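See structure below.
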Amino acid sequence: MEKRWALSDFEIGKPLGRGKFGHVFLAREKKSNHVVAIKVLFKSQLKQSQVEHQLRREVEIQSHLRHTNILRLYGYFYDQTRVYLILEHAAKGELYKELQKCKYFGEKRAAMYIASLARALIYLHGKHVIHRDIKPENLLLGAQGEVKIADFGWSVHTFNRRKTMCGTLDYLPPEMVESVEHDAGVDIWSLGVLCYEFLYGVPPFEAKEHSDTYRRSSYSFQLLLKFQTQTGWSNLSYQ
Ligand code: N15
């Protein structure tokens, strides 16, 4: 039996941050003294933006994940006006702030983050979950400085999609049928971008205009495709 949580089970502490739909607070579970982060979402705002369904899906995905480099979702509860998410507390806070402070990371530190994120992505992709939004703003740091993927706002469970396309499977090219690797390439591309940003302090395709970033990114992607066809290293194709 899973425990039903209530606000009275927690002592609420200082605010840790605020997002689009709610605020995050430090909290302590009274019985166990376990420190957590509680995210408070307003039902009215969720309804207004029509993201209730998306939230349900996120909760469903994230509550089943167990990995040191993925922020745990311990549970949730709600009252008349709000939904509360019980999240792992990341003691060293937000990675993007650390990057701003340091300007860029040394090679050893960058390598540790990238290796950890690679392990987290292998785990996610093995569970048919694609994150699709890997960036510094979605990463937190644990007590030992370990990186944690925190936000699953854009993630998808590919298993559902594969199930729904079962009828037409015969007509799809192999790389589409094997859609784990196929779509998972999105996250691997992002990991490469992140690696550059960790080492240089700015993302590789940054430009004043969106259209220029797009042009520069597309050009790099064309190079990747060309490289893949020349070498046969195409098992991690991108979209
Ligand atoms: C729908 C649901 C399953 C999504 C769950 N994930 C999120 O809601 C994403 N999310 C995570 N949104 C906020 C957070 C979040 C969790 C933000 C900040 C923290 C957090 N855990 N710990 C922190 C935290 N620790 C800090 C230490 C120092 C300074 C700031 C800190 N923020």
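The values are calculated or read from the model by the stated rules, or taken from the named source; none is laboratory data. Worth saying up front: this structure is predicted, and the values here are computed from it rather than measured. Note that we place each Cβ from the backbone using ideal geometry, even for glycine, and neighbour counts take in every protein chain shown.
Among the residues of the stretch 32-67, those identified as assigned to a helix (DSSP H, G or I) and among the β-branched types (Val, Ile, Thr) are 59, 61.
Does residue 76 satisfy being assigned to a strand (DSSP E or B) and either under 28 Å from residue 113 (Cβ atoms) or in contact (Cβ under 8 Å) with a residue 60 or more places away in the chain (or both)? It is true that residue 76 is assigned to a strand (DSSP E or B) and either under 28 Å from residue 113 (Cβ atoms) or in contact (Cβ under 8 Å) with a residue 60 or more places away in the chain (or both).
Within the option set 232, 201, being over 30 Å from residue 50 (Cβ atoms) and at pLDDT 90 or above holds for one residue only, 201. Taking residue 51 as the residue in question, decide whether it is of a type in the set (Val, Ile, Thr), closer than 19 Å to residue 138 by Cβ, free of Cβ contacts under 8 Å to residues at least 40 places away in the same chain and more than 9 Å from the ligand (Cβ to nearest atom). Judged against the criteria, residue 51 is a match.
Restricted to the stretch 54-98, and to residues there that are out of contact with any strand residue (DSSP E or B) (no Cβ under 7 Å at 6 or more places or on another chain) and among the polar types (S, T, N, Q), the residue that is farthest from the ligand (Cβ to nearest atom) is 80. Is there a residue in the stretch 101-124 that is hydroxyl-bearing (Ser, Thr, Tyr) and within 16 Å of the ligand (Cβ to nearest atom)? Checked against the condition, which is being hydroxyl-bearing (Ser, Thr, Tyr) and within 16 Å of the ligand (Cβ to nearest atom), the stretch 101-124 yields no hits at all.
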